[in-house]
Amino acid sequence: MIQFDSDTLEARLLRLLLRELPLTMEEAARELNVSESKLERTVKGLVSRGIVQIEGFPDKKYLRLIRRDISFHGTNPTQERKIKHKKSAIGKSKKDDKDDGMMYR
């Protein structure tokens, strides 16, 4: 079993390959919104580990998933809800706390 962090480019590419086969490098780069050179570096790492295979023709390179025993861990950042923080009364200006009476000058 191979584990990947959910928010890495490798994990995003592997999820895409699990959903849609066959997939070209150009289509994957467009779908993941990254440059082709960045995607090629990521794919080379996956090829060296024996997870992905590149099948190529002179004009197109296709990506093929070799292993399917992949799991993802961690929270995908797109799934996290943004937390709204309320401003506390303490964090406001300190001028309100001071008493400008004669006794305190």
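What follows is calculated from the coordinates using simple rules that are stated; it is not laboratory data. As the structure is a computational prediction, the values presented were derived from the model and not from experiment. Positions of Cβ are backbone-derived with ideal geometry, glycine not excepted, and every protein chain shown enters the neighbour counts.
Quick look at the numbers
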| item | result |
| --- | --- |
| Total formal charge among the other residues, if their Cβ is under 11 angstrom from that of Glu20, Lys/Arg +1 and Asp/Glu -1 | 0 |
| Mean separation of Cα contacts under 8 Å, 6 or more apart, over the residue count of region 2-69: relative contact order % | 32 percent |
| Radius 13 Å from Cβ of Met1, net charge of other residues (Lys, Arg +1; Asp, Glu -1) | +1 |
